[in-house]
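One structure below.
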Amino acid sequence: MNALLSIWTWIEVGIVALVGFFVQLAIAIVTLPFDRNRYAVGRCFRLVGVTAAKLTPFWRFRVHGDVPKHVHANTVVVSNHESNADPFLISHLPWEMKWLGKASLFKIPVVGWMMGIAGDIPVHRGDRDSATGAMARCKAWMKRGMPVMIFPEGTRSKTDELLPFKDGAFRLAIEQQADVLPLAVSGTRKALPKHSWRFSTSRGLVTVGTPISTKGMTMDDLERLKDLARTQILALRATLQPLTRDPASPGEPSAA
């Protein structure tokens, strides 16, 4: 049953992505001449992800708690990273931001094209020149009035433990004297397990923390800023975890 539903889900996601690509392309033709921040095509891409998640029989994703309708432009948004399903969940938030993502994702047909049109930022993991260029693009977006989204762990954690945070997001925030806005996700770890093509049932929640100002901070404050963000993400995630216990998978009986 899981295999059949997983195959159906991949077909559904593919159809939604393909239709969404042509919609995004049409929006791009109309709006890009005057939409310098690619807001419209970016929101279209995020909403395609939301639509795919809502049509997936395995997933029940939503936002938990009160969230701002807008985020200050000079903001670096950071989140823990449990699964490839995290972007589908975080896209439920009501504002646009440009995402830093590994370059290999941009090579995926349709989805990668949509990421490029939306203005997302590719980076080659472990390549210093690529990382420098990606941070420069992040700065450019922030100066144009668009927040950026970065997973500071750099990759998905295989366990419930957060991986060490990399410096990039926090160095960027200090250099730009930007706010750091922590998010937390929970419940997505089994939604699309690492190195597996099979989906699993998931109650995924995302919640938004309190902005951390970097006004007056220098690079001497880098580790403190990382600790502040990590502490907040851990606390936010702890509030979500009791609400995201694994429900029974489709076709399986509920646990007694």
Only helices counted: for the chain, with every DSSP H run of 4 or more residues adding -39500 (n - 2.57) and the sum spread over all residues, [θ] at 222 nm is -13500 deg cm²/dmol
Listed by chain and number, the aspartates and glutamates with an alpha carbon less than 15 angstrom from that of residue 102, same-chain partners under 8 positions apart left out, are 86, 120, 127, 129, 153
Within the under-15-Å Cβ sphere about residue 39, not counting residue 39, Lys/Arg +1 and Asp/Glu -1 give a net charge of +4
Residue 53 neighbourhood, Cβ < 10 Å, K/R = +1, D/E = -1, net charge +3
Largest first and rounded to whole Å, the semi-axes √(5λ) derived from the alpha carbon gyration tensor of segment 122-230 read 27, 17, 14
In units of 2.2 N^0.38 Å, the Cα radius of gyration of the chain is 1.00
Looking only at lysines whose Cα falls under 19 Å of residue 54's and that sit 8 or more positions away or on another chain, we get 190
Given unit charges at Cβ for Lys, Arg (+) and Asp, Glu (-), the dipole magnitude of segment 118-184 about its Cα centre in debye, nearest 20, is 240 debye
Eigenvalues of the alpha-carbon gyration tensor of segment 51-153, times 5 and square-rooted, give semi-axes in Å, largest first, of 23, 18, 12
Simple spin-label estimate for residue 221/residue 110, 7 Å along Cα→Cβ, in nm, reads 4.6 nm
Sorted by chain and number, the residues with a modelled amide H under 5 Å from that of residue 186, at a separation of 5 or more or across chains, are 205
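How much FRET efficiency would the formula 1/(1 + (r/R0)^6) give for residue 161 and residue 54, where r is the Cβ-Cβ distance and R0 is 35 Å, rounded to 0.05?
Once the sixth-power term is evaluated, E becomes 0.70.
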Counting only protein heavy atoms and rolling a 1.4 Å probe, one gets per residue an accessible area for segment 34-79 in Å² of 52 Å²
Expected sort for 97-109, 200-212 on mean C-beta neighbours within 10 Å, highest first, is 200-212, 97-109
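Please work out how much length the chain gains when fully extended from residue 62 to residue 35, using 0.36 nm per residue of separation minus the C-alpha to C-alpha distance, in nm with one decimal. Don't skip to the answer; put the middle values down first.
Details: separation 27, 0.36 × 27 = 9.72 nm, distance 2.87 nm.
Here the answer is 6.9 nm.
In terms of the ratio Rg/(2.2 N^0.38 Å) built on C-alpha atoms, what value belongs to segment 1-78?
On the way: Rg = 15.8 Å, N = 78, 2.2 N^0.38 = 11.5 Å.
Against the compact-globule rule of thumb, the ratio is 1.37.
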The pairs in 107/139; 98/194; 107/215 lying past 32 Å Cα-Cα in this model are 107/215
Site residue 177, offset 7 angstrom along Cα→Cβ, radius 12 Å on amide nitrogen, limited to segment 209-239, gives 214-218
In terms of the charge dipole of the chain, which places +1 on Lys and Arg and -1 on Asp and Glu at the beta carbon, the residue among 131, 37, 235 farthest towards the positive end is 37
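Name the helices (complete DSSP H segments) of the chain with a Cα length along the long axis of 15 Å or more and a Kyte-Doolittle mean of at least 1.0, or state none. Numbers along the way, then the final one.
Working: long enough: 2-31 (41 Å, 1.87); 39-55 (24 Å, 0.89); 128-143 (22 Å, -0.60); 222-240 (27 Å, 0.18).
Helices passing the filter in the chain: 2-31.
The values are calculated or read from the model by the stated rules, or taken from the named source; none is laboratory data. Remember, predicted model here, so these are calculated numbers, not experimental data. As a convention, Cβ positions derive from the backbone with ideal geometry for all residues, glycine included, and neighbour counts pool all protein chains shown. Accessible surface areas use protein heavy atoms only, side chains included; no ligands, DNA or RNA. Shrake-Rupley method; radii C 1.70, N 1.55, O 1.52, S 1.80 Å.
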